[in-house]
1. Could you estimate the translational diffusion coefficient of the stretch 61-172 from the Stokes-Einstein equation, with Rh from the Kirkwood formula over C-alpha pairs, at 25 °C and 0.890 mPa s, in whole µm²/s?
2. Given the stretch 52-179, what percent of its DSSP beta bridges are antiparallel, to the nearest 5?
3. Only bridges with both residues in the stretch 128-177 count here: give the DSSP antiparallel percent, nearest 5.
4. Which of the peptides 45-53, 127-135, 80-88 is most tightly packed, and how do the rest follow, judged by the mean count of other Cβ atoms within 10 Å per residue?
5. Among 89, 117, 134, pick out the residue whose Cα is farthest towards the positive end of the charge dipole of the stretch 2-195, where Lys and Arg carry +1 and Asp and Glu carry -1 on C-beta, about the Cα centre.
6. If you place +1 on the Cβ of every Lys and Arg, -1 on the Cβ of every Asp and Glu, and leave all else neutral, what size is the dipole of the stretch 2-195 about its Cα centre, to the nearest 20 Debye?
7. With the Cα gyration tensor of the stretch 156-203 giving a ≥ b ≥ c as the square roots of its eigenvalues, does the rule (a/c under 1.5 for rounded; else a/b larger than b/c for prolate; else oblate) give rounded, prolate or oblate?
8. So if I place +1 on the C-beta of Lys and Arg and -1 on the C-beta of Asp and Glu, and nothing else carries charge, what would the dipole magnitude of the stretch 102-150 be about its Cα centre? I want it in debye, nearest 20.
Amino acid sequence: MISYFKYGKGSLTICEDSLTASVFDLLKYLPTDLFWHILKQALHQDQLPSYCGEVLEMQYWAKWQAKGKYDANNSKYVEPDLFMRFKDFDLIIEAKRNDSNQQSDGQLKKEIKAYLNEYEDKENTVYLLQVGGLIDTCVKEEFNIAGIKVLQSKTNWTSLLKSVDGIYKSYLEQNIPSQKPTLFLLEDIINAFAMHGFHQKLWLQDCEIYNINTKAINSFKTKKYGR
C-alpha cells in the first residue's frame, strides 16, 4: 500500500490521522522489543516502562464516554488517536500533525478522564504519550486526576524518524539475510514519513570535514590561465 502512494498510482489525503496510522500500523509489525526500543530511543521525555511485553490490543480513535465518574466536559465522547494495551499497562497516544505547538493540556486531561470512565475497574497502570505538537519538550512529567497519577512521555515525528532511520542503517550495514523482512518494514516506515513531509536530514555539523589545498588550486589556476 505504501508503494501505491509512493509511486503516484493513487493520491493520499495527508493529515494527522493518515500520518499516525501509516507510521504506527507499520511499527506494530516489527518485533515488539525492536518497536519499543525505537520508540523509547526517540523520546525527549521518557516515563515509559523499560519493557512492554507483547501488544495485546491497538485501537485507533476509540470513542470513550466523556460523562461518568470523571467528567470530561461538553461532549458525548472523547477520541484519543491511538490506544495500546499491554499485559501490565495501557498507553494513550495523542498525536499531532506537526512537530510543535499543537498539544493541549486540556485535551490530554479529558482523554485521561474518559479512559478512567471506560477502564475504572481495570488494575493496569496507564501512561500518556505525546507524539508531535510539543509545546515544550521535557517539562511536565505527569498528570494527577482525582489522586490518580498518569506519567507522560514526549517525542516528535522528526525524532521518531531519526530513531527508525538509525536502526535501518544499522541493519543495512550488517547485511544479514534473515533481517531482510525487518529491513523492508523499516524502509516502508521511512517512506511513510517522507509522504507526510518528514525526511531524514544531514546537518552541516554532521558532515565530514574536507581540507582544501589552496596552494594546489592556485597552482592549477596559474598553469591553466596564466597570470
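1. Numbers: Rh = 14.9 Å.
After rounding, the answer is 165 µm²/s.
2. Numbers: 15 of 27 bridges.
Rounded to the nearest five, the antiparallel share is 55 percent.
3. Details: 4 of 8 bridges.
That works out to approximately 50 percent antiparallel.
4. Numbers: 45-53: 15.2, 127-135: 22.2, 80-88: 18.6.
My ranking of the peptides, most packed first, is 127-135, 80-88, 45-53.
5. Checked the options; the winner is 134.
6. Details: 22 positive and 27 negative charges, 63 e Å.
Charge dipole, the stretch 2-195, about its Cα centre: 300 debye, nearest 20.
7. Working: a/c = 2.68, a/b = 1.75, b/c = 1.53.
Judged from the Cα gyration tensor, the stretch 156-203 comes out prolate (a/c at least 1.5, a/b above b/c).
8. Working: 6 positive and 9 negative charges, 25 e Å.
So the magnitude is around 120 debye.
Taken together, the values in this text are just the output of simple stated rules run on the coordinates, not laboratory data. Fair warning: this is a prediction, and the values are worked out from it, not measured in the lab. In this analysis, Cβ positions are derived from the backbone assuming ideal geometry, glycine residues included, and neighbour counts consider all displayed protein chains.
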